[in-house]
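*Asks:* What follows is a structure written as structure tokens; I'll ask about it next.
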Amino acid sequence: MTLNALAAVRRELDKCVKCAACQAGCPTYETTRRETLSARGKLQLAQALLDGRLTFSSRVENDFAQCLSCMSCAEVCPSDVDTLKIFTAARAGGFIARGGAVKRFIFRHVLPYPARLGALAKVVGLAAVLYQKAPAWLTRFLPFVSRGARRLTPDLLSGNLRKMAGEVNDPLRPRANGAVRTVAYFSGCMTDLACEKLSQRSARARAGEKGGGCPAVVRGACPGENPA
Ligand code: SF4
Ligand code: SF4
């Protein structure tokens, strides 16, 4: 069950010829010199998981989690291995294998559905506001409070990037003044829900650099997401 996602990318795994070309330019490998943080090493981990020689441990999961998804490895790979697809499958497998029932429920039944994710974000956003406003005497009973210092929490109540940006999910539609948009800003679930103002500024700054005016904002799809 937990290896279904990896099994689906076995063909990609088989394409790797273990040449190590992907090590050059891999930021996590160049920083740590750990083979399992290079693409080749992670592909070996994925293969071992599939063969049953390895199980998802916190270390294995952490090796996949540290990948920056920068795609440098895929760009130089002579065999055209879709490394990101494999890493994504491994992360999904690890999450399902090691996550608790609540995490598994969220992963399967909430994350793939933007409307459900948005509703959950509002509930969590409300809890975050109450957490920040809780009186001092109560804070010692709250999690995430150390010596009276509360953690910063994202603002999940203010809005939704895709709704606020106004030109969402339709990058090919010409603007009213006929201008052609040359910049598309891909938002993710958290930038949609928690960082919409920052994302809007970032998208407009990028569009300005390219002379593209208002950018199209496009929802990026998370692994396994059903964008419908
Ligand atoms: S460059 Fe491609 S074929 Fe070579 S080890 Fe890396 S993933 Fe495998
Ligand atoms: S995608 Fe991951 S493995 Fe590939 S080069 Fe970037 S950090 Fe390294």
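The values are calculated or read from the model by the stated rules, or taken from the named source; none is laboratory data. Being a predicted model, the structure only gives us computed values, none of them experimental. When we count neighbours, we look across all protein chains shown, and the Cβ atoms used for this are built from the backbone with ideal geometry, even at glycine.
*Asks:* Being outside any helix (DSSP H, G or I) and surrounded by 13 or more Cβ atoms within 10 Å (Cβ to Cβ) is the filter; apply it to the range 25-70 and report the residue that is nearest to ligand 1 (Cβ to nearest atom).
*Replies:* Only one residue tops the list, namely S38.
*Asks:* Still on this structure, please answer the following. So, C67, is that one over 12 Å from E12 (Cβ atoms), in the same structural domain as D14 (by TED's automatic domain parsing), within 13 Å of ligand 2 (Cβ to nearest atom) and not hydroxyl-bearing (S, T, Y) or not?
*Replies:* yes
*Asks:* Please determine, by comparing only the residues of the range 82-94 that are more than 13 Å from the chain's Cα centre (by Cα) and buried (at least 23 other Cβ atoms within 10 Å of the Cβ), which one is nearest to ligand 2 (Cβ to nearest atom).
*Replies:* The extreme case among them is T83.
*Asks:* Follow-up question, since we're still on this one. If I ask for residues that are over 17 Å from Y29 (Cα atoms), of a type in the set (A, V, I, L, M) and in a helix (DSSP H, G or I), which ones from the range 71-106 would you list?
*Replies:* If the condition is that a residue be over 17 Å from Y29 (Cα atoms), of a type in the set (A, V, I, L, M) and in a helix (DSSP H, G or I), then I86, A89, A90, A92, I96, A97, A101, V102, I106 are the ones that fit.
*Asks:* Still on this structure, please answer the following. R91 is checked against (1) within 11 Å of ligand 1 (Cβ to nearest atom); (2) in contact (Cβ under 8 Å) with a residue 40 or more places away in the chain; (3) charged (D, E, K, R) and fails just one. What number does that condition carry?
*Replies:* The number of the failed condition is (1).
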